[in-house]
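Have a look at the structure below before the remarks.
The values are calculated or read from the model by the stated rules, or taken from the named source; none is laboratory data. Everything quoted here is computed from the prediction, not taken from an experiment. Backbone-built Cβ (ideal geometry, glycine too); neighbour counts: all protein chains shown.
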Amino acid sequence: MTDVILSVAGITKTFPGVRALADVSFDVRAGEVHALMGENGAGKSTLMKVLAGLYKPDAGTITLRDEPVTITSPLVAREKGILLIHQELSLSPELSVAENIYLGAWPTNALGMLNKRKLRADAKAALDALGCDFGPDVRVGTLSIARQQMVEIARAQAFNADVVIFDEPTASLTDGERRQLFATIARLKSAGVGIVYISHKMDEIFEITDRITVLRDGQVQGTRITADTDLAGITRMMIGRDLASYFHRAREDFRDEVLRVEGLTHASLFSGVDLSVRAGEVLGLYGLVGAGRSELVETIFGLRHADAGRLIWKGQEIPFPTPRQAVDLGMALVPESRKEQGLVLGMGGRENVTLPHLAMFSSAGVMDRGREREVFDTYRDILDIKTTGPEQPVEKLSGGNQQKFVLAKWLCAAPSLIILDEPTRGIDVGSKSAIHELIAKLAEDGLAVIVISSEMPEVLGVSHRILTMTEGRISGSFTGDGMTEQALIDAVSQPANRAVQEDIA
Amino acid sequence: MTIDWQQALRRHGLIAAFGLFLAAVAVGAEGFLTLGNILDVLRQVSITGTIALGVTFVVVTGRLDLSVGSMLTLLTVIVVDQHNAVGPFGAIALTLLAGLGIGAVNGVLVGLFRLNALIVTLAMLSLLQGVTLWYSGGSNVNVAGAGETWFAVFGRGSLLGVPVPVLIFLGGAVVASFFLKRTTFGRAVHAVGGNETASRFSGIATARTVAAAYVVSGLATAIAAIIMGSRVMGAQNTIGQGYELTVLAGIILGGTSLMGGSGSIWRTVIGITMLGFIQNGLLLLGFEYYVQWLVSWVVIIAAVWLDLAAKRGRVLA
Ligand SMILES: Nc1ncnc2c1ncn2[C@@H]1O[C@H](COP(=O)(O)OP(=O)(O)OP(=O)(O)O)[C@@H](O)[C@H]1O
Ligand SMILES: [Mg+2]
């Protein structure tokens with residue numbers, strides 16, 4: 001076919017103890033959005049890192065516009081026209097937008113000095129072509145995640161990339177930002193760019209992609225035309241079986257109130273927040289990214305100081321705890337960012353899982369490695385974590401498998417309250433369903449659960465009751481039939497003070 | 001593949017270079033590989049080594065302790081001077097307390113107040129120089145009646161032919177290794193060095209962990225000062241000068257990363273011992289004393305570079 005821009009054949013990549021890619025072949029056509037799907041650890045990111053010059057394959061060939069190429073570094077990849085947009089953005093926050101776009105390839109004048117004017121003008125042209133609402137001189141550190149992503153995409157424009165790879169680009173975007181990203185992708189597409197798109201969000205896949213290639217354990221399971229397949233079909237290819245259901249709501253069996261906060265206020269982040277959750281109840285906290293939900297639960301957990309408010313734990317008012325006291329009381333917080341807040345990346349799974357509970361897994365201050373091993377094994381099996389062993393540093397794991405270790409470290413000590421901040425970010429459909437099932441089971445076993453999620457179907461699917469949060473205030477409370485998509489959308493898009501009065505709980 | 005080569009170099013390169021060096025010195029200098037000289041090197045190394053055991057805790061938290069050089073001076077002056085005033089028991093007790101106290105001050109400033117470790121310990125380095133001069137009035141101190149005190153055992157004694165300071169160093173290494181590897185404290189030290197934010201989110205008392213690491217460093221330096229005072233039976237105001245860098249060089253040479261989160265006591269023991277043999281070898285080969293410093297410096301740079309190279313190498317596996 002003539003419109004194939006990029007094709008790879010027979011790519012194999014082995015890490016110590018893991019065959020991440022086995023004889024992988026696939027191709028990308030000009031002007032298509034090609035989804036790459038697969039379970040956590042299937043090898044998607046590895047394949048893309050091979051294309052972007054970050055990993056050297058053990059075997060296989062890469063052909064770009066009918067010419068075989070060897071990609072030895074990200075700079076080479078960019079020169080050849082392949083650009084990878086990482087999930088963890090890789091910009092220099094102190095530099096300007098223009099400097100970032102041309103990082104490593106700044107235009108110079110005859111004397112070898114930086115040609116600032118050309119740099120600015122070229123960057124501006126690239127930004128304009130994408131319809132960006134910010135200029136080339138802004139310092140990147142001041143931009144939102146979505147705009148930083150735009151800067152990365154502007155690189156594609158500036159370097160005339162033939163192939164642009166997105167690795168889970170929407171994980172931290174608000175809905176509006178996601179729309180904008182899709183518009184940008186459409187623009188690149190109509191300019192004839194070939195796009196590879198990795199995501200675990202099924203609705204996106206069916207909305208914007210043309211073809212889907214599924215990887216499983218490093219092998220290609222097949223390629224389908226998106227329009228000719230459906231969710232069930234792709235899921236079956238990914239996990240090798242049918243998925244009975246995607247969401248699980250716990251049986252309603254509410255017991256005593258575990259946590260209540262009243263008038264919780266943090267000067268600049270949120271104010272006057274009241275909420276309570278009972279044992280056996282799953283409370284959903286829905287809002288747009290930036291509404292203050294994470295800050296709220298971090299304050300409850302003692303990671304931030306509250307300016308005002310009361311905290312009632314199991315019927316008794318207590319002073320705001322330190323994180324240590326919170327853990328000892330029986331609170332658990334699965335934070336939103338696994339790499340920064342969730343894991344010590346250089347440590348193995350065993351040490352990460354027991355980190356919040358050192359006293360529990362030791363006697364007289366000496367760690368009990370046998371018991372650590374046991375709990376590691378238990379949760380590796382429950383959560384189906386792909387790892388070569390308890391000592392393998394978690395930085396070597398795929399994103400989704402890392403997330404499962406964050407869950408494991410908080411589940412293993414049987415807390416009374418578990419707060420889950422975006423618990424399934426970056427997790428594949430199969431495991432997602434398994435985690436939702438687990439959440440339901442925990443609640444049925446008598447845990448109080450708070451779930452923060454920006455994914456509407458997830459909050460609607462698992463919660464008994466939903467609070468919406470807008471600009472630092474609780475803007476609505478919904479139960480039973482009142483929990484509808486439209487209700488949530490209305491609640492988060494209205495000014496906070498008005499919505500409070502329309503509380504329809 | 002260039003990468004395997006890099007990793008092999010990091011893992012075995014320094015040891016191989018060291019082996020070559022030992023062989024060269026053994027050929028070039030008489031008396032290098034005699035038992036007497038080897039024990040002498042081990043005894044010399046026991047002071048830097050004992051300090052390094054403590055500083056390793058600080059380095060694993062991802063921080064530095066540059067104050068140990070003048071801390072060693074001050075504590076040696078204290079132990080010698082107090083020996084004359086209150087006798088060996090009291091002198092030892094006071095020295096240990098002083099070491100713990102100085103470590104605690106560093107710990108509070110760096111851990112609790114979150115001040116920059118480099119600045120705090122560098123300031124402490126010069127502050128303690130001042131305190132030493134004030135305490136000693138600028139003159140050297142000596143143990144009176146050095147011939148008859150049992151205090152001599154720490155620096156000069158030996159057991160079954162092995163010098164006591166070497167026993168203290170290696171015994172200390174066993175204890176320190178146990179703490180760093182097996183205890184909840186050691187785990188917290190590793191976690192804080194690996195990812196401080198995640199440690200905080202896990203309920204680890206990060207500030208207290210860092211502070212405690214500095215206290216351990218102070219304690220180790222106090223023990224080293226007792227060995228030093230006992231060995232020299234006196235103290236000058238510059239006796240510990242430069243020790244902070246030798247200690248750091250040994251730790252890095254052993255392969256403990258300055259970025260924190262990884263490292264072990266045994267690496268430190270190996271690094272410090274290697275450094276001792278290098279310096280001793282250079283002296284025996286007839287190089288001037290200052291060449292030692294040049295070589296220490298080159299070794300530090302090389303080790304830091306290899307550390308970084310390995311980190312970068314990780315990206316391109
Ligand atoms: N640098 C590395 N060293 C060792 N193993 C690695 C490394 N990078 C990835 N792996 C392993 O290769 C496999 C594939 O990982 P990869 O990150 O490609 O998965 P993925 O499909 O992107 O998963 P996810 O959906 O969770 O992001 C995993 O088993 C992972 O542990
Ligand atoms: Mg991935």
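Looking only at the range A:314-341, which residues are within 28 Å of A:Ser172 (Cα to Cα) and assigned to a strand (DSSP E or B)?
A:Met331, A:Ala332, A:Leu333, A:Val334
Somewhere in the range A:54-76, is a residue within 11 Å of ligand 1 (Cβ to nearest atom) and either within 25 Å of A:Ser190 (Cα to Cα) or of a type in the set (A, V, I, L, M, F, W, C) (or both)? Quick ask: steps written out before the conclusion?
Looking only at the range A:54-76, we keep the residues that are within 11 Å of ligand 1 (Cβ to nearest atom), and these are A:54-55.
Subsequent filtering for residues that are either within 25 Å of A:Ser190 (Cα to Cα) or of a type in the set (A, V, I, L, M, F, W, C) (or both) retains A:54.
Yes, that holds for at least one residue.
Every residue in the range B:134-160 that is under 17 Å from B:Leu39 (Cα atoms) and in contact (Cβ under 8 Å) with a residue 12 or more places away in the chain, please. Even if it seems obvious, please write down each step before you answer.
Step one: of the range B:134-160, the residues under 17 Å from B:Leu39 (Cα atoms) are B:153-160.
Within the range B:134-160, B:Val153, B:Phe154, B:Gly155, B:Arg156 qualify.
Suppose we keep only residues that are basic (Lys, Arg) and in contact with a helix residue (DSSP H, G or I) (Cβ under 7 Å, 6 or more places away or on another chain) within the range A:304-349. Which one would you say is nearest to the other protein chains (Cβ to nearest Cβ)? Reasoning before the result, please.
Restricting attention to the range A:304-349, the residues satisfying the condition of being basic (Lys, Arg) are A:304, A:310, A:314, A:324, A:338-339.
Among the residues that remain, those that are also in contact with a helix residue (DSSP H, G or I) (Cβ under 7 Å, 6 or more places away or on another chain) are: A:304, A:338.
On the way: A:Arg304: 11, A:Arg338: 9 Å.
The residue in question is A:Arg338.
With the checklist (1) within 12 Å of ligand 1 (Cβ to nearest atom); (2) more than 14 Å from chain B (Cβ to nearest Cβ); (3) of a type in the set (Lys, Arg) in hand, flag the one item A:Lys49 doesn't pass.
All conditions are met except number (2).
Would you confirm, using the coordinates I've provided, whether A:Leu383 is more than 8 Å from every other protein chain (Cβ to nearest Cβ) and under 30 Å from A:Arg236 (Cα atoms)? Break it down stepwise before answering.
Values: more than 8 Å from every other protein chain (Cβ to nearest Cβ): yes; under 30 Å from A:Arg236 (Cα atoms): yes.
Against the criterion (more than 8 Å from every other protein chain (Cβ to nearest Cβ) and under 30 Å from A:Arg236 (Cα atoms)), A:Leu383 qualifies.
If I filter the range B:22-59 down to residues being hydrophobic (A, V, I, L, M, F, W, C) and outside any helix (DSSP H, G or I), which single residue comes out as farthest from B:Leu167 (Cα to Cα)?
We begin by selecting, within the range B:22-59, every residue hydrophobic (A, V, I, L, M, F, W, C); these are B:22-27, B:29, B:32-33, B:35, B:38-39, B:41-42, B:45, B:47, B:51-53, B:55, B:57-59.
Narrowing the set further to residues that are outside any helix (DSSP H, G or I) leaves B:29, B:32-33.
Details: B:Ala29: 27, B:Phe32: 22, B:Leu33: 20 Å.
So the residue we want is B:Ala29.
Determine whether the range A:331-346 contains at least one residue that is surrounded by 20 or more Cβ atoms within 10 Å (Cβ to Cβ), more than 23 Å from the chain's Cα centre (by Cα) and without any contact (Cβ under 8 Å) to a residue 60 or more places away in the chain.
No, the range A:331-346 contains no residue that is surrounded by 20 or more Cβ atoms within 10 Å (Cβ to Cβ), more than 23 Å from the chain's Cα centre (by Cα) and without any contact (Cβ under 8 Å) to a residue 60 or more places away in the chain.
Criterion first (outside any loop (DSSP other than H, G, I, E, B), over 13 Å from A:Gln219 (Cα atoms) and touching a strand residue (DSSP E or B) at 6+ places or on another chain (Cβ under 8 Å)) does A:Lys13 satisfy it?
Details: outside any loop (DSSP other than H, G, I, E, B): yes; over 13 Å from A:Gln219 (Cα atoms): no; touching a strand residue (DSSP E or B) at 6+ places or on another chain (Cβ under 8 Å): yes.
Spelling it out, it is not the case that A:Lys13 is outside any loop (DSSP other than H, G, I, E, B), over 13 Å from A:Gln219 (Cα atoms) and touching a strand residue (DSSP E or B) at 6+ places or on another chain (Cβ under 8 Å).
Criterion first (closer than 22 Å to A:Leu173 by Cα and in a strand (DSSP E or B)) does A:Leu467 satisfy it? Full working, then the answer.
Values: closer than 22 Å to A:Leu173 by Cα: yes; in a strand (DSSP E or B): yes.
Taking the combined requirement at face value, the residue satisfies it.
Would you confirm whether any residue within the range A:176-198 is under 23 Å from the mean Cα position of the chain (by Cα) and assigned to a loop (DSSP other than H, G, I, E, B)?
As a first pass, look at the range A:176-198 and keep what is under 23 Å from the mean Cα position of the chain (by Cα): A:176-186, A:195-198.
Within this subset, residues satisfying the condition of being assigned to a loop (DSSP other than H, G, I, E, B) are none.
Among the residues of the range A:176-198, not one is under 23 Å from the mean Cα position of the chain (by Cα) and assigned to a loop (DSSP other than H, G, I, E, B), which makes the answer no.
Please go through the range A:364-381 and pick out each residue that is in a helix (DSSP H, G or I) and either within 16 Å of ligand 2 (Cβ to nearest atom) or within 19 Å of B:Ser199 (Cα to Cα) (or both). So that I can check it myself, show each step before the final result.
Initially, the range A:364-381 is screened for residues in a helix (DSSP H, G or I), giving A:369-381.
Listed by number, the residues that qualify are A:Glu372, A:Phe376.
Do you know which residues across the range B:165-183 are more than 9 Å from chain A (Cβ to nearest Cβ) and β-branched (Val, Ile, Thr)?
Within the range B:165-183, B:Val166, B:Ile168, B:Val174, B:Val175 qualify.
Residue check: is A:Ala35 of a type in the set (A, V, I, L, M, F, W, C) and modelled with pLDDT of 95 or more?
Values: of a type in the set (A, V, I, L, M, F, W, C): yes; modelled with pLDDT of 95 or more: yes.
For A:Ala35, the condition - of a type in the set (A, V, I, L, M, F, W, C) and modelled with pLDDT of 95 or more - is met.
One residue is enough: does the range A:101-112 have a residue meeting the conditions within 16 Å of ligand 2 (Cβ to nearest atom), away from chain B (no Cβ under 14 Å) and either surrounded by 19 or more Cβ atoms within 10 Å (Cβ to Cβ) or farther than 28 Å from A:Arg425 by Cβ (or both)? Show your work before the answer.
Our first condition is that a residue be within 16 Å of ligand 2 (Cβ to nearest atom); within the range A:101-112, this holds for none.
Among the residues of the range A:101-112, not one is within 16 Å of ligand 2 (Cβ to nearest atom), away from chain B (no Cβ under 14 Å) and either surrounded by 19 or more Cβ atoms within 10 Å (Cβ to Cβ) or farther than 28 Å from A:Arg425 by Cβ (or both), which makes the answer no.
Can you spot a residue in the range A:31-39 that is away from ligand 1 (no atom under 16 Å from the Cβ) and either of a type in the set (A, V, I, L, M) or within 26 Å of the chain's Cα centre (by Cα) (or both)?
So the first thing to find is which residues in the range A:31-39 are away from ligand 1 (no atom under 16 Å from the Cβ), and the list is A:31-33.
Add one more test, that the residue is either of a type in the set (A, V, I, L, M) or within 26 Å of the chain's Cα centre (by Cα) (or both), and what stays is A:32-33.
Yes.
Can you tell which of A:Ala22, A:Ala42 is within 12 Å of ligand 1 (Cβ to nearest atom), surrounded by fewer than 22 Cβ atoms within 10 Å (Cβ to Cβ) and at pLDDT 90 or above? Please lay out each step first, then the result.
Working: A:Ala42 fails: surrounded by fewer than 22 Cβ atoms within 10 Å (Cβ to Cβ).
Matching residue, one of A:Ala22, A:Ala42: A:Ala22.
What number of residues within the range A:13-65 satisfy the criterion of being away from ligand 2 (no atom under 14 Å from the Cβ) and of a type in the set (Lys, Arg)?
Count: 4.
What are the pairs with Cβ atoms under 8 angstrom where one residue, in the range A:32-54, is assigned by TED's automatic domain parsing to the domain that holds A:Ala186 and in contact (Cβ under 8 Å) with a residue 40 or more places away in the chain and the other, located anywhere, is within 10 Å of ligand 2 (Cβ to nearest atom) and β-branched (Val, Ile, Thr)? Sequence gap at least six, or different chains.
Final answer for the pair search is A:Ala35/A:Ile198; A:Leu36/A:Ile198; A:Met37/A:Ile198; A:Lys44/A:Ile198; A:Ser45/A:Ile198; A:Met48/A:Ile198.
Mind checking which residues of the range A:382-421 are within 16 Å of ligand 2 (Cβ to nearest atom) and assigned to a loop (DSSP other than H, G, I, E, B)? It would help to see each step written out before you state the result.
Keep residues of the range A:382-421 that are within 16 Å of ligand 2 (Cβ to nearest atom), which gives A:385-387, A:394-406.
Listed by number, the residues that qualify are A:Ile385, A:Lys386, A:Thr387, A:Leu397, A:Ser398.
Does at least one position in the range B:74-84 carry a residue that is surrounded by fewer than 19 Cβ atoms within 10 Å (Cβ to Cβ) and either within 16 Å of the chain's Cα centre (by Cα) or at pLDDT 90 or above (or both)? Reasoning before the result, please.
At the first step, the residues of the range B:74-84 found to be surrounded by fewer than 19 Cβ atoms within 10 Å (Cβ to Cβ) are B:84.
Within this subset, residues satisfying the condition of being either within 16 Å of the chain's Cα centre (by Cα) or at pLDDT 90 or above (or both) are B:84.
Yes: one or more hits.
For A:Ile504, which of the numbered conditions (1) in contact with a helix residue (DSSP H, G or I) (Cβ under 9 Å, 6 or more places away or on another chain); (2) at pLDDT below 90; (3) surrounded by fewer than 23 Cβ atoms within 10 Å (Cβ to Cβ); (4) in a helix (DSSP H, G or I) fails to hold?
Looking at each condition in turn, A:Ile504 falls short on (4).
Could you tell me how many of the residues in the range B:193-212 are more than 9 Å from chain A (Cβ to nearest Cβ) and hydrophobic (A, V, I, L, M, F, W, C)? Before you say what the answer is, go through the steps one by one.
Of all residues in the range B:193-212, those more than 9 Å from chain A (Cβ to nearest Cβ) come to B:196, B:206-212.
If we keep only those that are hydrophobic (A, V, I, L, M, F, W, C) as well, we get B:207, B:210-212.
The qualifying residues number 4.
Among the candidates B:Gly111, B:Gly186, B:Gly130, B:Gly107, which residue alone is within 14 Å of chain A (Cβ to nearest Cβ) and not in a loop (DSSP other than H, G, I, E, B)? Spell out how you get there, then give the answer.
Working: B:Gly111 fails: within 14 Å of chain A (Cβ to nearest Cβ); B:Gly130 fails: within 14 Å of chain A (Cβ to nearest Cβ); B:Gly107 fails: within 14 Å of chain A (Cβ to nearest Cβ).
Among B:Gly111, B:Gly186, B:Gly130, B:Gly107, only B:Gly186 is within 14 Å of chain A (Cβ to nearest Cβ) and not in a loop (DSSP other than H, G, I, E, B).
Can you tell me how many residues within the range A:299-313 are assigned to a strand (DSSP E or B) and surrounded by 18 or more Cβ atoms within 10 Å (Cβ to Cβ)?
Step one: of the range A:299-313, the residues assigned to a strand (DSSP E or B) are A:308-313.
Now narrow it down to the ones that are surrounded by 18 or more Cβ atoms within 10 Å (Cβ to Cβ): A:309, A:311, A:313.
So the answer is 3.
Taking the range A:65-89, which residues are within 14 Å of chain B (Cβ to nearest Cβ) and touching an Asp or Glu at 6+ places or on another chain (Cβ under 8 Å)?
A:Leu84, A:His86, listed by residue number.
Is one or more of the residues making up the range A:218-230 in contact with a His (Cβ under 7 Å, 6 or more places away or on another chain) and either away from ligand 1 (no atom under 14 Å from the Cβ) or touching a residue at least 12 places away in the same chain (Cβ under 8 Å) (or both)?
no
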